[in-house]
1. What number of residues in region 10-46 are under 25 Å from Gly63 (Cα atoms) and either in a loop (DSSP other than H, G, I, E, B) or of a type in the set (Asp, Glu) (or both)?
2. Given the conditions (1) surrounded by 20 or more Cβ atoms within 10 Å (Cβ to Cβ); (2) closer than 25 Å to Arg254 by Cβ; (3) in contact (Cβ under 8 Å) with a residue 40 or more places away in the chain, and given that Val175 satisfies all but one, which numbered condition is not satisfied?
3. If we keep just the residues of region 245-262 that are at pLDDT 95 or above and loosely packed, with under 15 Cβ neighbours inside 10 Å, which is nearest to Ala191 (Cα to Cα)?
4. Can you confirm whether region 89-109 contains a residue that is more than 30 Å from Phe220 (Cβ to Cβ), modelled with pLDDT of 95 or more, polar (S, T, N, Q) and in contact with a Lys or Arg (Cβ under 6 Å, 6 or more places away or on another chain)?
5. Applying the selection to region 247-271, what residues are more than 15 Å from Gln232 (Cβ to Cβ) and either of a type in the set (Phe, Trp, Tyr) or not assigned by TED's automatic domain parsing to the domain that holds Arg196 (or both)?
6. Kindly list, by first and then second residue, each pair from a residue in region 51-72 that is under 10 Å from Ile27 (Cβ atoms) to a residue that is modelled with pLDDT of 95 or more and assigned to a loop (DSSP other than H, G, I, E, B), limited to pairs with Cβ atoms under 6 Å and residues at least 6 apart or on different chains.
Amino acid sequence: MNRNFPIRYVNPVFRPPSEAESLILPITNGCSWNKCTYCEMYTAPQKKFGLREEQETLDAIRGCGEQLAAQVQRVFLGDGDAMVLSTRRLMTLLTAIKTHLPKVRRISSYCLPRNLRQKTVLELQELREAGLSLVYVGAESGDDEVLQRVNKGETFETTRESLEKLGAAGITRSVMLLNGLGGKLLSRQHAENSARLMNLTQPEFLATLVVSFPQGEERFRLGFPEWEPLNQQELFSEMEQFLQALALKRTVFRSDHASNWLVLKGVLGAEKERLLLQVRNAIGHPESAKLRPDWQRGL
């Protein structure tokens, strides 16, 4: 990296796939919760949680303005927990982005539901008006038993409340769910209650990933020792149950992460039947379903 680049990164750096063209601007390091047993993103020692010094971030924004003002149109606020900052601090940073990077049209971040418990709808509206237009919420499941087993630190109700608060403030919500997170034991209730959560909150974007453990399952199994992974066909069956239970009006749906065998893309509910047909074809005729081979799944 250019030594004169104004942003100090602490590797590894993560961002949603749709932020590939964004300037990654870390305003925290790591994740303030970091106890979810399925997540390996912020377990490295150097990712210990902490807030960036405000002046360091302001200097980084100013430096990016000097070098990149004509190029940057999107900014993603990292690391895993930018919304943990107070509204005052976030407003200060958003104002600086608008000042020094005037071509920016979208500012986004990850958002834990717990981040919003002390933020009012009015505060969130102020953040939206200052430029924060999109947040990614890792709901993972709408089932309380699954959430407790994986130590999410959230419930159906806390996630619902946060998503509704964001919606009321006019901030676009991109929700992530984990296919297979409940294993064989809790698969049906995971699918049904996740669909119920989506139906109540009607997010603008919805994505599903397949739960995976590149670093091993030991940490995950401490809280869920009887967990049994779903095989490929069982994952498709869980997806069918989930899609069947959805009653969404206009949500852009993507199940195209590298972890997914079956790539699904559409708008729900307009294309619900087409997506269900695609899933059912993968269940009944996997040889013709154009599944992603294991070596391409990037796990």
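1. Number of matching residues: 13.
2. For Val175, the failing item is (3).
3. Taking the candidates together, the pick is Ala247.
4. Looking through region 89-109, none of the residues is more than 30 Å from Phe220 (Cβ to Cβ), modelled with pLDDT of 95 or more, polar (S, T, N, Q) and in contact with a Lys or Arg (Cβ under 6 Å, 6 or more places away or on another chain).
5. Hit for region 247-271 is Phe253, nothing else.
6. Arg52/Ile27; Thr57/Ile27; Ala60/Pro6; Ala60/Ile7
The values are calculated or read from the model by the stated rules, or taken from the named source; none is laboratory data. All values reported here derive from a predicted model rather than from experimental measurement. A quick note on method: Cβ atoms are made from the backbone with ideal geometry, for glycine too, and the neighbour counts reach across all protein chains shown.
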